[in-house]
Amino acid sequence: MNNLQTGNAPSLSVVVPHFIFSALSFLCLTVFIILAGTDVLGPYFSGKLVAITHLAVLGWASMLAFGALYQLIPVVFETALYSELLAKITFWIFAVAILLLVYSFWTSSYGTTLIYASSLMFIAVSGFIGNVLFSKRMGKQNIQSRYVVTAILWLLLAALLGLLIAINFKYPFLSQIHLHYLKIHAHLGLVGWFVTLIVGVSSSLIPMFLISHNLKEDKLNYAYYLINGGLLLLSLDWLVLQGTVLVPVYWMSISLGIILYLVFVWEVYQKRLRKELDVGMKHTLISVLSMLLPILLSLTVMLKLDFQNSFHLRATTLYGFSIIFGLITPIILGQTYKTLPFIIWLHKYKQLVGKYKTPLPKELYSEQLANLQFYSYNLAIIVLVTAIISDSIWMIRIGSYTLLVTAILYNLNVFKIIFHKVKTESNST
């Protein structure tokens, strides 16, 4: 954790708003899932489901990723953030863009509002990427920084394609139907942005938090080229050739890269000095293991291995669900408890260390609430996955309300951390 303690860390006013918006987005996301009702089991391209997806990947996941990266740049690049002012401006543009996007999709308003929202989104993403790239230029080059930079470039491509799709709704100019480009857009975001980012950042944080040393990064290097090379060829194949017989080859490349990363994490776990896992690391390791599920589901969708046409549609929905709620969400839930308490603790107690007895970072949140959140989340996911497979609306309702409980518990802890009041005890007492 000392690696996060650096004079280059940005101010709280840069990082904390991202965590607040993200936490509230998670809460709204669970409410939207409840309100969507039977639409959750409908076509994955329905307006309400697309709105929920964008709130999840942008408001919940990407917003927190932006804030976390601003904090982690001093760790990954070993330099200060290029511009805190640009980060603050980007936050507000990004927040407005998310709200407009979700509104447009939820109400099926595919006109001018969607174009404005997508334009703001592209501007926000460009500002964020510029800030990261200028920071990298002044910093250290390593495998983790390469993953981060590549991930944000995938994000830029996803935002650009999203803008083109939005414009095409009102002023048609693309040669294929929207669903064709939506498939590419989704993979640029989910695999290119999130999977690449998670692999890069977690390969630095997991060894740090588990206290693992003498690790070989050759598997991370191979994984980098396999994942990104496979995704690049897959995207070009879909975009230019509309899908050829080589698609399974690209799938194998991406899958093998992910498996190499999982082997690296296993080696980290085996060499760890910290044997006991707290709730943050439990969430994180479950997220890592969950990477196998999208691989299997994508194979099912790609080769049409199901025996019923109706299940093929549910398998596609479950594929996206497994990435968002099996991979992305648990790692956010876990790493929030590893990073946010220390960020707040560092700001409030850095000058008091040695003068007074101060609480530990983990004492800034309720461990009981965190544990309840851990179990409620896993229960919610098990119920929702079962509901999607069985096409059961009553199980969707149970899973949705359980997920709402998770979001409430998470928000209670996040705000408890953020609004923590300084407590000290004289060393002489």
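The values are calculated or read from the model by the stated rules, or taken from the named source; none is laboratory data. In this text, all values refer to a predicted model and were calculated from it rather than measured experimentally. With ideal geometry, Cβ positions are generated from the backbone for all residues, glycine too; neighbour counts draw on all protein chains shown.
Going by the structure shown, is HIS185 in a helix (DSSP H, G or I), touching a Leu at 6+ places or on another chain (Cβ under 7 Å) and over 29 Å from LEU157 (Cα atoms)? It would help to see each step written out before you state the result.
Values: in a helix (DSSP H, G or I): yes; touching a Leu at 6+ places or on another chain (Cβ under 7 Å): yes; over 29 Å from LEU157 (Cα atoms): no.
Against the criterion (in a helix (DSSP H, G or I), touching a Leu at 6+ places or on another chain (Cβ under 7 Å) and over 29 Å from LEU157 (Cα atoms)), HIS185 does not qualify.
How many residues, within the range 165-203, are surrounded by fewer than 20 Cβ atoms within 10 Å (Cβ to Cβ) and more than 19 Å from TRP238 (Cα to Cα)?
5
With respect to LEU234, determine if the residue is of a type outside the set (S, T, N, Q), assigned to a helix (DSSP H, G or I) and in contact (Cβ under 8 Å) with a residue 40 or more places away in the chain. So that I can check it myself, show each step before the final result.
On the way: of a type outside the set (S, T, N, Q): yes; assigned to a helix (DSSP H, G or I): yes; in contact (Cβ under 8 Å) with a residue 40 or more places away in the chain: yes.
Yes.
Please pick out the residue among PHE105, PHE77 that is crowded, with 22+ Cβ neighbours inside 10 Å, under 28 Å from PRO172 (Cβ atoms) and touching a residue at least 40 places away in the same chain (Cβ under 8 Å).
PHE105
Quick one: what pairs do we get from the range 347-373, first residue among the basic types (Lys, Arg), second in a strand (DSSP E or B) and surrounded by 12 or more Cβ atoms within 10 Å (Cβ to Cβ), C-beta under 8 Å, 6+ apart or different chains?
Pairs found: none.
Can you name every residue in the range 371-423 that is farther than 19 Å from PRO330 by Cβ, among the hydrophobic types (A, V, I, L, M, F, W, C) and in a helix (DSSP H, G or I)?
ILE389, ILE393, TRP394, MET395, ILE396, ILE398, PHE415, ILE418
Please specify each residue of the range 271-300 satisfying the condition of being polar (S, T, N, Q) and either free of Cβ contacts under 8 Å to residues at least 12 places away in the same chain or over 29 Å from LEU369 (Cα atoms) (or both).
As a first pass, look at the range 271-300 and keep what is polar (S, T, N, Q): 284, 287, 290, 298, 300.
Of everything in the range 271-300, those that are polar (S, T, N, Q) and either free of Cβ contacts under 8 Å to residues at least 12 places away in the same chain or over 29 Å from LEU369 (Cα atoms) (or both) turn out to be SER298, THR300.
Would you mind stating whether ALA151 is at pLDDT 95 or above and under 30 Å from GLU276 (Cα atoms)? First the steps, then the outcome.
Details: at pLDDT 95 or above: yes; under 30 Å from GLU276 (Cα atoms): no.
No: the conditions fail for ALA151.
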